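The values are calculated or read from the model by the stated rules, or taken from the named source; none is laboratory data. Here the structure is a predicted model, which means the values were calculated and not measured. Cβ placement follows ideal geometry from the backbone for every residue including glycine, while neighbour counts extend to all protein chains displayed. When the accessible area is computed, the model is the full protein with side chains, heavy atoms only, and any ligands, DNA or RNA have been set aside. Shrake-Rupley method; radii C 1.70, N 1.55, O 1.52, S 1.80 Å.
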Amino acid sequence: MKNYDTLISETQKLVRDEKALNAQILENLRTLFQARVHIARGFHYFPEFCIKTLGMCESTAHRKFEALKISLSVPDLPERMAAGKISQNKVTALAQFIREERQLVGRKFSTSQVVELVEAVQKTDSGIEAKKWLATQSEVVERSTQDVVTFQRGSGNHRLEFEIDDETYELLERVKQLESHKGKRPMNEILKSL
């Protein structure tokens, strides 16, 4: 069997370097955001500045922006991330939690509350565990089946998520079965044909 110790060591170093680079990028983004450089460059939305000026992909720009917003309340967040104390996934989960609480129930968080949330999320074992713990802290009551959860627009495709009850789901599955003679098709294609 081949010895991969050298490759493993090299990859471990790259992972450490990546954490340090991500922390430095976050620090730089926070400085640019606070200086409102994106506005001076003609961008009203900071992630758009990150995409078009800094060359980030869309999902990275949004994740970094979420982390940036948390770092405004927790200035040492980049150092925590560089040290591996908290991952980007956990920060993203926390940012999503704060956004949804604000949007769905108008909940606001003070700086000290954000710091406490970061401390708690930092102690969880993974991003998934962080999400589970955050769900226990939520003030959002069960959503109605009519509530739209998210709507994202982008390059000709739109993402719309909503909740449906079991009866509606079974009806959609039945339509899918009835349409199966046309071959396997994704649900969006089936909905277009209705």
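Some observations on this one:
- Candidate set from the stretch 52-71 (those that are free of Cβ contacts under 8 Å to residues at least 12 places away in the same chain and under 16 Å from the mean Cα position of the chain (by Cα)); member that is surrounded by the most Cβ atoms within 10 Å (Cβ to Cβ): MET56
- For the stretch 101-114, filtered to residues that are assigned to a helix (DSSP H, G or I), open to solvent by 50 Å² or more (accessible area, probe 1.4 Å) and of a type outside the set (Gly, Ala, Ser), the residue that is farthest from SER138 (Cα to Cα) is THR111.
- Enumeration of residues in the stretch 116-142 that are in a loop (DSSP other than H, G, I, E, B) and open to solvent by 100 Å² or more (accessible area, probe 1.4 Å): LYS123, ASP125, GLU139, VAL141, GLU142
- Hits in the stretch 1-31 (condition: in a helix (DSSP H, G or I), polar (S, T, N, Q) and open to solvent by 90 Å² or more (accessible area, probe 1.4 Å)): THR6, GLN12, GLN24
- With respect to the conditions (1) assigned to a helix (DSSP H, G or I); (2) at pLDDT below 70; (3) among the polar types (S, T, N, Q), THR145 falls short on a single one, namely (1).
- Near pairs, Cβ below 6 angstrom, 6+ apart or cross-chain, from the stretch 122-135 (closer than 10 Å to ILE86 by Cα and in contact (Cβ under 8 Å) with a residue 24 or more places away in the chain) to any residue that is open to solvent by 80 Å² or more (accessible area, probe 1.4 Å) and not in a helix (DSSP H, G or I): GLN122/LYS85
- Subset of the stretch 179-194 (residues that are of a type in the set (S, T, N, Q) and at pLDDT below 70): ASN188
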